[in-house]
Amino acid sequence: MEIDSKQFREFGKAAIDILADYFENIRERDVLPSVEPGQLINEMPDEAPEQPEDWRIILKEFNEMILPNTTHWHSPQFHAYYPTGNSYASIIGNLLSDGIGIVGFTWIASPVCTELEVVTMNWLGKLLGLPKEFLNCSSGPGGGIIQGSASEATLVGLLAAKDRMIRKLIKDDPNLDPDDLRNKFVAYTSDQCNSSVEKAGVLGSMRMRLLKSDSFAKLRGETLKKAFEEDISKGLIPCYVVANLGTTGTCAFDPLYELGPVCKKYNVWLHVDAAYAGSAFICPEYRGWLKGIEYVDSFDVNAHKWLLVNFDCSAMWVRDGYDLINAFDVQRIYLDDVKTCQKIPDYRHWQMPLGRRFRSLKLWTVMKTYGAEGIEKLY
Ligand code: PLP
């Protein structure tokens, strides 16, 4: 039994009603379900249903089994981890995106998927007060992309940094062996970094040093410089630095104006992980923490943390999109059917997967529903 469009309307409207009820009454639920690990697996059938089930039964089970066993991240009583964004506008954006169901890896794969992402990332970059060099609408090669997570953004930055460093070193001395160079690369961040930053080193096969932060939990320029010098004296090559603007533990801000000049001197890629707190730059009074942004190569904010957009929507900007294209461009004849340009990106070169969701739709519905003023008022 396949669902037809009439049933889809009923099923969909009933699901929206359930969600509206859920949010209206969420504060009455215990944040954490009282279940033991493995209990739910035991209570669920071992096999997929043999016969089709009516959507009413599915929603009844959603109400009776799924919702009560959820951890309610959007409850006002939820104080764990960090906030995750949500809003009715974002849910609708996601619904519309799922409804269209496209896969937007190249421009022709869905022109509006690419172009709305360019436009909304320009809007958001401007709202956060990022320098124009990061925006696609500037004359330079910078631009924004929506990644699935800050973890991916940090790893994309690391892999692009590796590629850029190899290109530079080989250009200076064509006799160098790229594999030999790769083994010498080192990444740096503070001991306050999110686990995902350390994991990027594991996934990207690069040593990652967690440098000692000061008594305000900040990574200082002097500490970074000393670490670079130590490693260079051992024959290693500093390649990638992740600065934290808003650490997960204490919301500490590393001074970009100290780390930036050190990175610049050694041609090291500087990535900013502002996943948690970066949305606050919507308010001009917080932008003092951006001092030194002119040294930054890539910058990431999780719109899905504190910006009303539900997971997943990690907004990443790079100063030079060609750094990503050079690192990740793999051609196939079936992917190369329309000549685009850096200003109309084939986003498949800017990310790890080939396929990509139409994530900008939820950013668009949120920014249009609230307006800059409405978003600013939340902080
Ligand atoms: N960086 C910081 C500062 C965070 O607070 C988080 C949140 O957990 C992350 C990175 C990881 O974010 P994501 O789950 O989008 O990879």
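The values are calculated or read from the model by the stated rules, or taken from the named source; none is laboratory data. From a predicted model like this one, the values you see are computed outputs, not experimental measurements. Glycine also receives a Cβ, built like all others from the backbone with ideal geometry; neighbour counts cover every protein chain displayed. Ligands, DNA and RNA are stripped out before the accessible areas are found, and what is left, the full protein with its side chains, is counted by its heavy atoms. Shrake-Rupley method; radii C 1.70, N 1.55, O 1.52, S 1.80 Å.
Looking only at the range 320-339, filter to residues that are among the hydrophobic types (A, V, I, L, M, F, W, C) and open to solvent by 70 Å² or more (accessible area, probe 1.4 Å); which one of those is nearest to the chain's Cα centre (by Cα)?
Let us first name the residues in the range 320-339 that are among the hydrophobic types (A, V, I, L, M, F, W, C), namely 324-325, 327-328, 330, 333, 335, 338.
So of that shortlist, the ones also open to solvent by 70 Å² or more (accessible area, probe 1.4 Å) come out as 330, 333.
On the way: 330: 22, 333: 29 Å.
Looking at residues that are among the hydrophobic types (A, V, I, L, M, F, W, C) and open to solvent by 70 Å² or more (accessible area, probe 1.4 Å), I get 330.
Within the range 70-91, how many residues are part of a loop (DSSP other than H, G, I, E, B) and closer than 27 Å to residue 12 by Cα? Even if it seems obvious, please write down each step before you answer.
From the range 70-91, those part of a loop (DSSP other than H, G, I, E, B) are 70-87; that's our starting set.
If we keep only those that are closer than 27 Å to residue 12 by Cα too, we end up with 70-76, 84-87.
Residues flagged as part of a loop (DSSP other than H, G, I, E, B) and closer than 27 Å to residue 12 by Cα within the range 70-91 amount to 11.
Looking for something farther than 30 Å from residue 361 by Cβ and without any contact (Cβ under 8 Å) to a residue 60 or more places away in the chain - is there at least one such residue anywhere in the range 145-166? Spell out how you get there, then give the answer.
Restricting attention to the range 145-166, the residues satisfying the condition of being farther than 30 Å from residue 361 by Cβ are 161-166.
Still in the list and also without any contact (Cβ under 8 Å) to a residue 60 or more places away in the chain: 166.
For the range 145-166, residues farther than 30 Å from residue 361 by Cβ and without any contact (Cβ under 8 Å) to a residue 60 or more places away in the chain: present.
Could you go through the range 197-212 and let me know if any residue there is modelled with pLDDT of 95 or more, farther than 19 Å from residue 81 by Cβ, within 11 Å of the ligand (Cβ to nearest atom) and crowded, with 18+ Cβ neighbours inside 10 Å.
Residues of the range 197-212 modelled with pLDDT of 95 or more: 197-212.
The next check asks that each one be farther than 19 Å from residue 81 by Cβ; those that pass are 200-212.
Still in the list and also within 11 Å of the ligand (Cβ to nearest atom): 200.
Now restrict to residues that are crowded, with 18+ Cβ neighbours inside 10 Å: 200.
Yes: one or more hits.
Would you check which residues across the range 216-251 are open to solvent by 10 Å² or more (accessible area, probe 1.4 Å) and part of a loop (DSSP other than H, G, I, E, B) and list them?
Correct list: 216, 217, 218, 220, 234, 235, 236, 248, 249, 250, 251.
Only residues that are open to solvent by 10 Å² or more (accessible area, probe 1.4 Å), at pLDDT 95 or above and aromatic (Phe, Trp, Tyr): list them for the range 287-306, please.
Within the range 287-306, 289, 295 qualify.
Condition check: under 18 Å from the mean Cα position of the chain (by Cα) and open to solvent by 70 Å² or more (accessible area, probe 1.4 Å). Does residue 317 satisfy that?
Numbers: under 18 Å from the mean Cα position of the chain (by Cα): yes; open to solvent by 70 Å² or more (accessible area, probe 1.4 Å): no.
No: the conditions fail for residue 317.
Consider the range 139-168. How many of its residues are aliphatic (A, V, I, L, M) and open to solvent by 30 Å² or more (accessible area, probe 1.4 Å)?
To start, the set of residues in the range 139-168 that are aliphatic (A, V, I, L, M) comprises 145-146, 150, 153, 155-156, 158-161, 165-166.
Narrowing further to those that are open to solvent by 30 Å² or more (accessible area, probe 1.4 Å): 159.
Here the count works out to 1.
Filter the range 340-379 for residues that are of a type in the set (S, T, N, Q) and under 30 Å from residue 287 (Cβ atoms); which is nearest to the chain's Cα centre (by Cα)?
Filtering the range 340-379 for residues of a type in the set (S, T, N, Q) gives 340, 342, 351, 360, 365, 369.
Restricting the remaining residues to those that are under 30 Å from residue 287 (Cβ atoms) gives 342, 351, 360, 365, 369.
Working: 342: 21, 351: 11, 360: 12, 365: 18, 369: 22 Å.
Once the filter is applied, the top-ranked residue is 351.
Looking for something open to solvent by 30 Å² or more (accessible area, probe 1.4 Å) and more than 15 Å from residue 356 (Cβ to Cβ) - is there at least one such residue anywhere in the range 108-124?
yes
Mind listing just one residue for me: the one in the range 70-85 that is farther than 25 Å from residue 40 by Cα, open to solvent by 40 Å² or more (accessible area, probe 1.4 Å) and within 22 Å of the chain's Cα centre (by Cα) and, of those, farthest from the ligand (Cβ to nearest atom)?
So the first thing to find is which residues in the range 70-85 are farther than 25 Å from residue 40 by Cα, and the list is 76, 82-83, 85.
From what is left, the residues that are open to solvent by 40 Å² or more (accessible area, probe 1.4 Å) are 76, 82-83.
Those left that are additionally within 22 Å of the chain's Cα centre (by Cα): 82-83.
Numbers: 82: 5, 83: 10 Å.
Going through the qualifying residues, I end up with 83.
Is there any pair linking a residue in the range 35-55 that is farther than 21 Å from residue 70 by Cα to one that is open to solvent by 80 Å² or more (accessible area, probe 1.4 Å) and not polar (S, T, N, Q), with Cβ under 7 Å and at least six apart or on different chains, and which?
Correct list of pairs: 52/1.
Between a first residue in the range 59-82 that is in contact (Cβ under 8 Å) with a residue 40 or more places away in the chain and a second residue that is charged (D, E, K, R) and open to solvent by 80 Å² or more (accessible area, probe 1.4 Å), which pairs have beta carbons less than 6 Å apart while being 6 or more apart in sequence or on different chains?
76/27
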